[in-house]
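The values are calculated or read from the model by the stated rules, or taken from the named source; none is laboratory data. These numbers come from a predicted model, not from an experiment. Cβ placement follows ideal geometry from the backbone for every residue including glycine, while neighbour counts extend to all protein chains displayed. Remember, those area values only see protein heavy atoms, side chains included, never the ligands or the DNA or RNA. Shrake-Rupley method; radii C 1.70, N 1.55, O 1.52, S 1.80 Å.
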Amino acid sequence: MNRVALKKPAIEGGKPVRKRFLIFGQPRLFREEIDEIIDTVRSGWWGTGPKTHEFERRFAHYSQAKYALALNSATAGLHLALDVLGVGPGDEVITTPLTFVSTANVIVHRGAIPVFADIDPDTWNIDPAEIEKRINKKTKMIIPVHLHGRPCDMGAILTITRKHKLKVIEDAAHATEAWYRKKKIGSMADFTAFSFYATKNLATGEGGMLTTNNKSYALEARIKSLHGISHDAWKRYSAAGFTPYDAVYAGYKYNMPDLMASLGLHQLKRLQANWQIRKRYWQRLDKGLSDIAGITLPPKSLPDTTPAYHLYAILIEPQRIKISRNQFIDALKFEGIGAGVHFDPVHLHSFYRKTFGFKPDDFPHAEAVGSTTLSLPFYPHMTEKDVDDVIEAVRKLCKYYSR
Ligand SMILES: *Cc1c(COP(=O)(O)O)cnc(C)c1O
């Protein structure tokens with residue numbers, strides 16, 4: 001190929017695709033959120049109170065779960081769920097290596113052992129056949145992660161957990177809007193944890209929600225989320241009169257304050273409209289990127305499932321592209337486009353190598369995706385022009401750096 005005809009990447013001194021930098025992800029704030037925050041600040045009730053409880057009520061309805069508990073993160077939710085379900089020292093919990101480290105960290109926090117099962121290369125989610133191979137007498141539960149918002153094969157996973165009498169906690173940090181067949185994510189497992197971190201589809205800065213259909217699990221999680229005391233402060237000082245608290249567990253400090261719920265109440269209302277826009281952008285990216293040599297597009301969602309469209313991630317094919325994934329991210333930055341990585345596999349992080357002896361090649365499918373994946377900017381307040389710039393930049397770099 002004639003190199004002279006190729007556009008020089010900005011990282012090598014060429015003209016960038018964009019002048020104004022398109023950041024990878026950012027939450028969007030409306031007047032309603034600002035007014036609600038001011039109302040909360042003025043009300044004097046900054047901690048957990050009426051707005052948090054209203055947010056829980058509406059989120060339970062949205063996720064079709066009987067109970068919802070608002071927390072300060074999804075990580076808190078996963079940790080609480082493991083605690084309530086009785087995971088302790090020596091127990092084994094199976095999850096995917098292709099996730100954020102917190103999914104595995106919380107298993108370690110309980111003194112339990114994270115056991116990874118490789119992904120299915122066709123879905124990038126945990127492979128049910130790999131789960132079954134790792135079940136033994138110490139196995140207590142499974143934490144499937146709906147990576148990038150595509151639902152795991154919950155039918156197969158629930159069949160396995162029923163057969164072996166295991167519990168299931170879904171990590172739905174990416175999957176707030178997702179459905180598996182006729183079931184909303186959040187309505188199927190023993191517990192489901194959602195994240196409202198600043199870059200997630202519903203953002204409160206920091207925040208999360210834990211859903212369950214089990215009344216006693218819900219009650220225990222609620223008590224443990226606030227120091228293990230039997231009533232929360234809101235109820236203690238309410239019109240019903242003062243009652244002293246009693247610590248029935250050595251609980252945590254995981255509750256969501258009304259300040260955060262003020263954001264969540266309004267973000268929740270816009271969730272479906274934003275999902276529609278991302279669905280349109282997903283199709284635009286799929287179409288625009290489909291003829292570019294050197295990249296792999298994200299997998300299709302399983303039949304009869306509805307993805308949340310949280311992250312649009314491609315793979316940079318090392319056999320066709322001369323630069324590494326990390327160099328590709330740097331080059332995109334010079335073109336005016338931010339990108340992220342979701343995720344470098346957990347087992348290769350130094351703590352996991354040192355503590356559990358994991359090493360490269362342990363989970364080849366997760367490593368193949370993890371080492372080549374790159375998430376593109378993908379949020380509802382991008383314009384169509386922004387989406388087209390992303391496509392143009394990827395095309396330009398793939399052409400220039402093709403082997
Ligand atoms: C963001 C994320 C979490 C943690 O969410 P926090 O609310 O930040 O604790 C857990 N799992 C996955 C897959 C995530 O992306």
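Starting from the Kirkwood Rh over alpha-carbon pairs, what translational D in µm² s⁻¹ does the chain have by Stokes-Einstein at 25 °C and 0.890 mPa s?
Rounded to a whole number, D works out at 110 µm²/s.
Helix-derived [θ] at 222 nm for the chain: sum -39500 (n - 2.57) over DSSP H runs of at least 4, divide by residue count, nearest 500? -11000 deg cm²/dmol, from helical runs alone.
Given Cα pairs under 8 Å that are at least 6 residues apart, what percent is the relative contact order of region 31-269?
27
In a fully extended conformation the segment linking residue 272 and residue 353 would gain 25.1 nm over its present Cα-Cα distance, using 0.36 nm per residue. Keeping the other protein chains in place, figure out the carbon and sulfur percent of the accessible area of region 31-269, with a 1.4 Å probe. Answer for region 31-269: carbon and sulfur cover 56 percent of the accessible area. Charged neighbours of residue 371, selected by a Cβ distance under 13 Å, balance to -3 (K, R count +1; D, E count -1).
Axis angle, to the nearest 10 degrees, between helix 215-225 and the longest C-alpha principal axis of the chain: 80 degrees.
The lysines within cross-link reach of residue 184, meaning a Cα-to-Cα straight distance under 25 Å and a gap of 8 or more places when in the same chain, are 51, 66, 140, 163, 165, 167, 200, 215, 269, 279, 300. Per residue, the accessible area of region 189-293 comes to 46 Å², computed with a 1.4 Å probe over protein heavy atoms only. Comparing mean-square fluctuations of 209, 260, 154 from a GNM of the chain with C-alpha springs under 10 Å, the top value falls on 154. Compared with the direct C-alpha span, the chain from residue 136 to residue 199 gains 19.0 nm at full extension, assuming 0.36 nm per residue. Taking 340, 44, 294 as the candidate residues, the one with maximal mean-square fluctuation in a Gaussian network model of the chain, Cα springs under 10 Å, is 44. Relative to the dominant Cα principal axis of the chain, helix 384-400 is inclined by about 50°. Per-peptide packing, taken as the mean over residues of other Cβ atoms within 10 Å, places 89-99, 244-254 in the sequence 89-99, 244-254 from highest down. Among 193, 156, 70, the largest mean-square fluctuation in a Gaussian network model of the chain, built with springs joining Cα atoms closer than 10 Å, belongs to 156. For residue 43 and residue 61, the difference between the fully extended length at 0.36 nm per residue and the C-alpha to C-alpha distance is 3.9 nm.
Would you work out the relative contact order for the chain, in percent, from Cα pairs under 8 angstrom that are 6 or more residues apart?
For the chain, the relative contact order is 24 percent.
Compared with the dominant principal axis of the Cα atoms in the chain, helix 154-163 is inclined by about 50°.
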